[in-house]
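In what follows, a structure is listed as structure tokens, so that the remarks can point back to it.
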Amino acid sequence: SAVISQKPSRDICQRGTSLTIQCQVDSQVTMMFWYRQQPGQSLTLIATANQGSEATYESGFVIDKFPISRPNLTFSTLTVSNMSPEDSSIYLCSVGSTSDSYEQYFGPGTRLTVT
Amino acid sequence: GENVEQHPSTLSVQEGDSAVIKCTYSDSASNYFPWYKQELGKGPQLIIDIRSNVGEKKDQRIAVTLNKTAKHFSLHITETQPEDSAVYFCAASRGGAGSYQLTFGKGTKLSVIP
């Protein structure tokens, strides 16, 4: 499976500011995804990051709040904009397997606290 | 859309006993069912998965069963060890058909008591 890293691993931010989270993969992958995991909760898909085109957002998530970039096949960023305490969550990127069209592998996550 | 229900939400077992976690799904078009283990402070780790053309899959102490007719699947862990303590998530998707979205259950916190 691919090795996935995320930066930062955690951050504490003030409300009204923005944070950009980076996701780096050690191999080229077609599919990259961003998930949110609120404290003690399950995972919810935010968007699919498409290389060379606009991200595809799930219901309840909008580009103005969560802009995503995917400049190449190994890297993506998620920005959490104009943050409020309700944005305190773990943000996870995942990638689709290069050898299997079904499997997804997750990065270690970014733990965001908004005060 | 897909809805995945997971039970129980918490499970405590004695070391060496078996643990079973059950999930049901709503979308009959779902064909891929992975299980993830999430330890504290880490991202989810894929531990086993099953596709709709298979009824059972085993990997050492863990196994997954799938009943397509009833739309439910289960994770079985035998001979549990303290390092099995974690939160386990089931998920469902229409993987391989251009739709990779994983819909997750709410998770089961497994505690293995030494």
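The values are calculated or read from the model by the stated rules, or taken from the named source; none is laboratory data. Computed from a predicted structure; not experimentally measured. FYI the Cβ positions are ideal-geometry reconstructions off the backbone, even for glycines, and counts take in every protein chain you see. Note: accessible area is taken over every heavy atom of the protein model, side chains too, but ligands, DNA and RNA are not part of it. Shrake-Rupley method; radii C 1.70, N 1.55, O 1.52, S 1.80 Å.
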Review point. From the set of residues in the range A:33-48 that are in contact with a Ser or Thr (Cβ under 7 Å, 6 or more places away or on another chain) and within 10 Å of chain B (Cβ to nearest Cβ), which is surrounded by the fewest Cβ atoms within 10 Å (Cβ to Cβ)?
Key: A:Thr48
**Study point:** Residue satisfying condition, being at the interface with another protein chain (Cβ under 8 Å from one of its Cβ atoms) and free of Cβ contacts under 8 Å to residues at least 24 places away in the same chain, within set A:Tyr57, A:Tyr102
**Key:** A:Tyr102
Review point. When you look at B:Ile21, is it under 23 Å from A:Tyr91 (Cβ atoms) and at pLDDT 95 or above, yes or no?
Key: no
Check your understanding: Among the residues of the range A:89-108, is any farther than 24 Å from B:Glu5 by Cα and among the charged types (D, E, K, R)?
Key -> yes
Practice item. Among the residues of the range A:1-24, count how many are modelled with pLDDT under 95, farther than 20 Å from B:Phe104 by Cβ and in contact with a Leu (Cβ under 9 Å, 6 or more places away or on another chain). Key: 0
Exercise for review: Being more than 20 Å from B:Gly105 (Cα to Cα), open to solvent by 70 Å² or more (accessible area, probe 1.4 Å) and at pLDDT below 95 narrows it down to one of A:Thr115, A:Thr30, so name that one.
Suggested key: A:Thr30
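Give the range B:33-55 a look and list any residue that's more than 9 Å from chain A (Cβ to nearest Cβ) and among the aliphatic types (A, V, I, L, M), or say none. Working first, answer last.
Just the residues of the range B:33-55 that are more than 9 Å from chain A (Cβ to nearest Cβ), to begin with: B:33, B:35, B:37, B:39-40, B:47-48, B:50, B:52-55.
Correct list: B:Leu40, B:Ile47, B:Ile48, B:Ile50, B:Val54.
For the range A:59-77, enumerate the residues that are within 19 Å of A:Arg15 (Cα to Cα) and of a type in the set (A, V, I, L, M, F, W, C). Let's see the steps before the verdict.
Residues of the range A:59-77 that are within 19 Å of A:Arg15 (Cα to Cα), as a first pass: A:61-67.
Within the range A:59-77, A:Phe61, A:Val62, A:Ile63, A:Phe66 meet the criteria.
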Review point. Which ones in the range B:17-48 are charged (D, E, K, R), within 11 Å of the chain's Cα centre (by Cα) and farther than 15 Å from A:Phe106 by Cα?
Key: B:Lys22
Review point. If B:Thr78 satisfies every condition in (1) within 14 Å of chain A (Cβ to nearest Cβ); (2) open to solvent by 40 Å² or more (accessible area, probe 1.4 Å) but one, which is the exception?
Key: (1)
Practice item. Considering every residue within the range B:19-32, establish whether at least one is at the interface with chain A (Cβ under 9 Å from one of its Cβ atoms), touching a residue at least 24 places away in the same chain (Cβ under 8 Å) and open to solvent by less than 30 Å² (accessible area, probe 1.4 Å). Key: yes
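So, B:Gln14, is that one at pLDDT 95 or above, more than 13 Å from the chain's Cα centre (by Cα) and either closer than 27 Å to A:Gly109 by Cα or within 13 Å of chain A (Cβ to nearest Cβ) (or both) or not? Even if it seems obvious, please write down each step before you answer.
Details: at pLDDT 95 or above: yes; more than 13 Å from the chain's Cα centre (by Cα): yes; either closer than 27 Å to A:Gly109 by Cα or within 13 Å of chain A (Cβ to nearest Cβ) (or both): no.
No, not satisfied.
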